[in-house]
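The values are calculated or read from the model by the stated rules, or taken from the named source; none is laboratory data. Here the structure is a predicted model, which is why all the values come from computation and not from measurement. Here Cβ is always computed from backbone atoms with ideal geometry, including for glycine, and neighbour counts include all displayed protein chains. Please note that ligands, DNA and RNA were not included when accessible areas were found on the heavy atoms of the full protein model with its side chains. Shrake-Rupley method; radii C 1.70, N 1.55, O 1.52, S 1.80 Å.
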Amino acid sequence: MDPVRNRVDGGPSGPRPRRRFSRRNIFIYGTLFVVAVYYLLPLYVMIVTSLKGMPEIRLGNIFSPPVEITFEPWVKAWAEACTGLNCDGLSRGFWNSVRITVPSVFLSIAVASVNGYALANWRFRGADIFFTILIFGAFIPYQVMLYPIVIILREIGLYGTLWGLVLVHTIFGMPILTLLFRNYFTSLPEELFKAARVDGAGFWGIYFRIMLPMSLPIFVVAIILQVTGIWNDFLFGVIYTKPDLYPMTVQLNNIVNSVQGVKEYNVNMAATLLTGLVPLVIYFISGKLFVRGIAAGAVKG
Amino acid sequence: MAQYPRPVQLFRNLNAKIAAIPMIVTAVVIFAGGTIWTVVYSFTNSKLLPRVKWVGLDQYERLWSTSRWLISIENLMIYGVCSLIFSLVIGFMLAALLDQKIRFENTFRSIFLFPFALSFIVTGLVWQWILNPDFGVQSVIRELGWESFSFDPLYNPNIVIYGILIAGLWQGTGLIMCLMLAGLRGIDEDVWKAARVDGIPVWKTYLFIIIPMMRPVFITTLVIIASGIVRVYDLVVAQTSGGPGIASEVPAKYVYDKMFLGQNLAQGFAGSTMMLLSVLIVLIPWAYLEFGGKKRV
């Protein structure tokens, strides 16, 4: 708004006066505050529990802050916690997850972005049929496709390997990512594409020199979406890999829900927190981009 | 792009077709092919390995006479209906509160949404700990003096599914709130002005004007929640492993156990086919409304 014009028109200017402690405000902020506490409580309990010693946990309640802060549970969760016969802690699962997530994210985004580009700018006959099946596939329960994929992976010799799981993540990431990229590329001005074609650029030339540099934001959104999604996966990890290669979530569940031994709640919570740390850090750093990612994924998908 | 008739040539636009091969293979072989394969093999009596020996609907008869499957379905119904209602209501109310031009909107939104970044495994384990009757909420309240207070959903077969529901809502409501907030922001400011001029109370404006206007957002959200509910698996595995007994089993877990642990493949296929069917019941009318309608316009 132009302030000068406002004054000339005699319209209101400056912030609207509002009573700070009106009944309405107390209600709104009160409710939001209570709900916020509810949402933060589990995070707080996780942190507090992971910093206590076992004797303190047995005596006190889970909401009280630690009297004596100890980082021993964290060390133990990372390096010593046992799953079955292995006692090298969550570190193995962490590195497995890294080794799974990095190639999966790269591959799935590479495939889906080229795909979306082909669908947006180089439509060919029949493309829409396949795309529709792909989008429908996003809603089909994974359980229906689990076993056929086992057979396919076994046939090509990737069952139980890391690359088999990478392939599975690429496949199941495809619907949402293709949609994301297709919508984004469609929204770019078409004149750019036409100008590049007139200048003699081909399919890959336009992709690498024009589309890719212009759509870095959407790539960041896709990376966030995929890293959190793949890191948090449990079902595919447990089915398509062997115990040596279990991702962090599977190992975490095995550590915490193992039947043998005394339950060490502080170690369990430290392990849980460690597993949740990667997506949490990504979430709090990326902020609005994360929201954009899930909104783009959810609203359309 | 302009649609003009092209000569039918396989090699026209070749690069685009090569680029689309992964999509085509995924769509045809995995999504369509895999689904059909599973449905077909659910009519066989495959045990350890898939083999073609037709038994008709035997697997389905056995499925629907297994108490574990029936409990799974019942749990899924309760969980589904409750989580649908609660996440829509809570999500909408939070979005409406955040939409009041308040301060710290971003902070509140970040807090409500952060559980969504966490995996179901993490969610399940945290709530397993909080709902632990010896150390968690129950013991804390008993310590405060209410000795007979009892709240142990994870150890009580009758209410265990509500314990899982609490965790599921904690994880998922933030997403619904975000979708609703986007929907609310999409509504023209003038609607509000008109309602205020006419002297309509705020709650009535929401109920009779805003919510009907947000119908598409609600429908999309509904489809998202519904397709998520059918898949519930990790959460149950982490929080209760289906226990106590089989009180918190869900179909996805039944299917997994039959296929990969129980060496009873065809049972698993039959179960997953039922899951597919339940999704299709929601999906087809939606797709018809969403896409079928547009084409006619």
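Structural remarks
- Residue within the stretch A:23-44 that is among the basic types (K, R), open to solvent by less than 30 Å² (accessible area, probe 1.4 Å) and either at pLDDT below 85 or not in a helix (DSSP H, G or I) (or both) present: no
- Sole residue being within 26 Å of B:L261 (Cα to Cα), within 13 Å of another protein chain (Cβ to nearest Cβ) and under 23 Å from the mean Cα position of the chain (by Cα), chosen from A:I171, A:I156, A:I135, A:I151: A:I171
- Condition check for A:G157: open to solvent by 10 Å² or more (accessible area, probe 1.4 Å) and not in a helix (DSSP H, G or I): yes
- Odd one out for A:I100 among (1) surrounded by fewer than 22 Cβ atoms within 10 Å (Cβ to Cβ); (2) outside any loop (DSSP other than H, G, I, E, B): (1)
- Filter result (touching a helix residue (DSSP H, G or I) at 6+ places or on another chain (Cβ under 9 Å) and either open to solvent by 30 Å² or more (accessible area, probe 1.4 Å) or not in a helix (DSSP H, G or I) (or both)) within the stretch B:95-110: B:D99, B:Q100, B:I102, B:R103, B:F104, B:E105, B:N106, B:T107, B:R109, B:S110
- Residues of the stretch A:187-199 that turn out to be at the interface with chain B (Cβ under 10 Å from one of its Cβ atoms) and not acidic (D, E), as a count: 2
- For A:A196: the one exception among (1) open to solvent by 20 Å² or more (accessible area, probe 1.4 Å); (2) in a helix (DSSP H, G or I); (3) in contact with a Lys or Arg (Cβ under 9 Å, 6 or more places away or on another chain): (1)
- Residue ID - most open to solvent (accessible area, probe 1.4 Å), chosen from residues in the stretch A:45-83 that are part of a helix (DSSP H, G or I), of a type in the set (A, V, I, L, M) and within 19 Å of B:W129 (Cβ to Cβ): A:L59
- Candidates B:S67, B:S83, filtered to the one that is of a type in the set (S, T, N, Q) and touching a Gly at 6+ places or on another chain (Cβ under 9 Å): B:S83
- Filter result for A:Y184 (at the interface with another protein chain (Cβ under 10 Å from one of its Cβ atoms) and either in a helix (DSSP H, G or I) or touching a strand residue (DSSP E or B) at 6+ places or on another chain (Cβ under 9 Å) (or both)): no
- Residue identified as over 21 Å from B:W170 (Cβ atoms) and either crowded, with 18+ Cβ neighbours inside 10 Å or assigned by TED's automatic domain parsing to the domain that holds B:A182 (or both) among B:I71, B:I78, B:I130: B:I71
- Residues that are touching a Leu at 6+ places or on another chain (Cβ under 8 Å) and among the small types (G, A, S), drawn from the stretch B:138-197: B:G163, B:A167, B:G168, B:G174
- Lone qualifier among B:V255, B:V223 - being free of Cβ contacts under 8 Å to residues at least 60 places away in the same chain, in a helix (DSSP H, G or I) and in contact with a helix residue (DSSP H, G or I) (Cβ under 6 Å, 6 or more places away or on another chain): B:V255
- From the list B:L207, B:L222, the lone residue that is over 20 Å from the mean Cα position of the chain (by Cα), open to solvent by 50 Å² or more (accessible area, probe 1.4 Å) and either more than 9 Å from every other protein chain (Cβ to nearest Cβ) or not aliphatic (A, V, I, L, M) (or both) is B:L207.
- Scanning the stretch A:201-210 for residues being free of Cβ contacts under 8 Å to residues at least 24 places away in the same chain and within 12 Å of chain B (Cβ to nearest Cβ) gives a total of 4.
- Residue in the stretch A:211-238 that is modelled with the highest pLDDT, counting only those that are crowded, with 22+ Cβ neighbours inside 10 Å, at the interface with another protein chain (Cβ under 9 Å from one of its Cβ atoms) and part of a helix (DSSP H, G or I): A:W231
- Among residues of the stretch A:84-97 being of a type outside the set (G, A, S) and open to solvent by less than 20 Å² (accessible area, probe 1.4 Å), the one that is nearest to the chain's Cα centre (by Cα) is A:N96.
- Options A:F290, A:F284; residue that is surrounded by fewer than 18 Cβ atoms within 10 Å (Cβ to Cβ) and either modelled with pLDDT under 90 or not in a helix (DSSP H, G or I) (or both): A:F284
Table: residues versus (1) of a type outside the set (A, V, I, L, M); (2) closer than 30 Å to A:T275 by Cβ; (3) free of Cβ contacts under 8 Å to residues at least 24 places away in the same chain.
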{"site": "B:L76", "(1), (2), (3)": "no, yes, no"}
{"site": "B:V81", "(1), (2), (3)": "no, no, yes"}
{"site": "B:L94", "(1), (2), (3)": "no, yes, no"}
{"site": "B:Q100", "(1), (2), (3)": "yes, no, yes"}
{"site": "B:F112", "(1), (2), (3)": "yes, yes, no"}
{"site": "B:I121", "(1), (2), (3)": "no, yes, no"}
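- Take the conditions (1) more than 26 Å from B:L97 (Cα to Cα); (2) not polar (S, T, N, Q); (3) not in a loop (DSSP other than H, G, I, E, B); B:P244 misses just one of them, which is (3).
- Members of the stretch B:133-178 that are within 13 Å of another protein chain (Cβ to nearest Cβ), open to solvent by 60 Å² or more (accessible area, probe 1.4 Å) and not in a helix (DSSP H, G or I): B:D134, B:L144
- Leading residue by the ranking (farthest from B:V191 (Cα to Cα)) among those in the stretch B:234-252 that are open to solvent by 10 Å² or more (accessible area, probe 1.4 Å) and within 10 Å of chain A (Cβ to nearest Cβ): B:S241
- Beta carbons closer than 7 Å, at least 6 apart along the sequence or on distinct chains, pair a first residue in the stretch B:144-155 that is under 17 Å from B:V236 (Cβ atoms) with a second that is part of a loop (DSSP other than H, G, I, E, B) and of a type in the set (S, T, Y) for B:L154/B:T240.
Condition check ((1) in contact (Cβ under 8 Å) with a residue 24 or more places away in the chain; (2) assigned by TED's automatic domain parsing to the domain that holds A:I149; (3) more than 15 Å from the chain's Cα centre (by Cα)) across all residues:
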site: A:T241; (1), (2), (3): yes, yes, yes
site: A:N253; (1), (2), (3): no, yes, yes
site: A:Y265; (1), (2), (3): yes, yes, yes
site: A:T272; (1), (2), (3): yes, yes, yes
site: A:V278; (1), (2), (3): yes, yes, no
site: A:I285; (1), (2), (3): no, yes, no
site: A:G293; (1), (2), (3): yes, yes, no
